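**Student:** Can you keep this structure in mind? I'll have questions shortly.
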Amino acid sequence: GCTSLNVSSNAMPITAPLETNIKADVEVGEKISGKASVTKVLFFTIDNDKEFADGVDYGSNGAAGVGALPFESPVSKAKAAAAFKAIEQSGADIIVAPRYTVETEDFLIFGTTQVTVEGYKGTIKSIK
């Protein structure tokens, strides 16, 4: 089998090219983290997590995101579950500067993917 390790951070720069009149006041707190793992058998993903954060499928090399059965990306699914856990366990509104560590063991028809997300607790104080 093969084993790989990938550590990544958000691919979007902090100053995203988006114009809006909305201003958010975000308080940045302590470091937070979340972990999740999935198992791949053939093209199917098996996991124990039933709750996921939306919009956490970037960086998966164009593979299908969460909910794109039956060929969903195990990395995308594990990232979304890890992000949900980090937000839920910390009471954060957002994860500031998320960094994902992805560990994959692949044995052709069977494999496991473990994801850890680390970042800072973001609490939205106001939106104007």
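**Student:** How far apart, in nm, are the 7 Å Cα→Cβ label points at A97 and F43?
**Tutor:** 4.1 nm
**Student:** Given a 1.4 angstrom probe, what's the average accessible area per residue across the range 68-128, in square angstrom?
**Tutor:** On the way: 3080 Å² over 61 residues.
Per-residue value: 50 Å².
**Student:** Starting from the Cα of K40, draw a straight line to each of the lysines and keep only those under 27 Å, dropping any in the same chain fewer than 8 residues away.
**Tutor:** Straight-distance partners of K40: K50, K77, K79, K85.
The values are calculated or read from the model by the stated rules, or taken from the named source; none is laboratory data. Everything numeric in this text was worked out from a predicted model, so none of it was measured. Neighbour counts run over all protein chains shown; Cβ positions are idealised from the backbone, glycine included. Calculation scope for accessible area: heavy atoms of the full protein, side chains included, ligands and nucleic acids excluded. Shrake-Rupley method; radii C 1.70, N 1.55, O 1.52, S 1.80 Å.
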